[in-house]
Structures are given as structure tokens and as C-alpha cells.
Amino acid sequence: MEPYSTAYSRKRRQDLKEKGLCIQCGKREGPLCGPCKAKESVCSRRFRENRLKLGLCIRCGDLRDEHDKANCQACKAKAREEARQKREVFRLEAFEKYGGAFCSCCGESRTECLTFDHVNQDGAEKRRNGETVGVRFYRELCDSPLRSDIRVLCFNCNVSAFRFGGKPRQPRINTLRTRT
């Protein structure tokens with residue numbers, strides 16, 4: 001292999017990584033040492049700034065729309081899809097941690113119908129006080145110890161639990177008057 005070829009560089013980085021050394025300088029420990037990480041972040045920031053000045057997409061380098069800040073439409077769509085897939089992975093992982101991807105009340109197993117329920121009906125209050133939402137909430141559920149105040153319910157059981165005071169799927173009380 002000739003030096004400075006792509007294959008040579010790839011092999012060199014792999015060898016350094018296996019030895020536990022910095023893949024840039026090969027001197028310090030870690031996949032990327034502090035000085036090399038700082039240098040790389042400065043270079044990548046300048047790279048992005050230059051692309052923005054030229055009116056190019058920061059991801060692919062194609063021309064971006066005038067009204068868009070950083071990405072072309074294709075990269076925006078790709079980023080949205082990547083974020084959706086990442087969110088779904090964390091969501092399914094959190095379901096598995098909390099007993100499986102099915103409603104703990106009625107057994108519904110379609111994941112698009114499932115949600116997390118705060119057993120004490122204090123979810124809105126917790127969100128107002130700064131509890132995370134969305135993908136961060138799912139990641140937090142995956143990373144933290146099992147919480148006793150969270151359970152998996154389908155949307156129907158979740159709404160029933162809220163309306164009937166924490167007891168999902170109570171029989172409906174007939175409030176209609178019958179004619180006599």
C-alpha cells in the first residue's frame with residue numbers, strides 16, 4: 001500500500017484504534033485525544049461556516065434553498081427520517097424495559113397505539129416542572145433504573161385511567177335516562 005492512500009489511512013487508523021491510541025496523532029490514549037478533538041472541531045466548524053457562506057448544504061455540499069438555513073431539501077428529509085428511526089428504537093427499547101411492547105391492561109400490542117402512563121396521574125405536572133419529553137424521555141427511561149410510577153398502556157386505557165382516577169378500563173356508568 002502506498003502511504004497516504006485511503007486504504008493505508010483506514011488501516012493505520014484501525015491499527016491505532018486497536019492499540020488504544022489517538023487515531024489522528026497516534027501519541028495519546030483514546031480514540032481521539034483532547035488536542036486532536038479540539039483541532040477537528042475547529043476544522044469542522046470552519047468547514048460548515050465556509051459551506052454556509054457559499055450557499056451550500058452543510059451535509060452534502062449541494063446548493064440549498066435561499067430560505068433554508070443550513071441544509072438542502074434532500075438532507076432535511078434524510079435527517080427527519082434518521083431522527084424518526086432513532087426515536088422509534090429508543091421507544092421500543094423503553095417498552096421492552098417496562099415489560100414488553102403491549103398494554104399492561106388490555107394486551108394491545110400495536111406499538112403505534114402504545115404510550116407510557118404516569119401511574120399517579122402526575123405526568124403533566126412533571127412535564128411543567130422540567131421532566132424530559134419525546135426521544136429524551138425514552139432515552140432517560142432506557143438509561144435510568146426501572147421507575148415504579150411508569151407503565152405501558154394503549155391510548156384508550158391511558159385516557160380511561162385518567163378519566164376514572166388511575167383505574168384503566170372501568171365499566172362505563174350509564175348516565176342516559178330511560179323513558180318509562
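Here 42, 89, 152 are placed in order of increasing Cβ neighbour count within 10 Å, fewest first, which gives 42, 89, 152. When the helices of the chain are scored as -39500 (n - 2.57) per DSSP H run of n ≥ 4 and the total is divided over every residue, the value at 222 nm lands at -15000 deg cm²/dmol.
With a 10 Å Cβ neighbour count serving as the proxy for reagent exposure, in which order, fewest first, do 68, 117 appear?
68, 117
The phi-based Karplus calculation (6.51 cos²θ - 1.76 cosθ + 1.60; θ = phi - 60°) puts the 3J(HN,Hα) values of segment 148-154 at 7, 8, 10, 9, 9, 9, 7 Hz, whole numbers, x for Gly and Pro.
A straight Cα-to-Cα reach below 18 Å connects residue 126 with the aspartates and glutamates 117, 140, 149, residues fewer than 8 places away in its own chain not being considered. Distance between the pseudo-spin-label points of residue 106 and residue 159 (7 Å out from Cα toward the beta carbon): 1.0 nm. For the pair residue 82 and residue 10, the difference between a 0.36 nm per residue extended length and the Cα-Cα distance amounts to 23.3 nm.
Between 32, 47, 116, the Cα set farthest toward the positive side of the dipole of the chain (charges on each charged residue's Cβ, about the Cα centre) is that of 47. The alpha-carbon of residue 76 sits under 16 angstrom from the alpha-carbons of these lysines, leaving out residues fewer than 8 places away in its chain: 86.
A short reminder: the numbers here are calculations on the coordinates, not readings from a lab. Being a predicted model, the structure only gives us computed values, none of them experimental. Note that each Cβ is placed from the backbone with ideal geometry, even for glycine, and that neighbours are counted across all protein chains shown.
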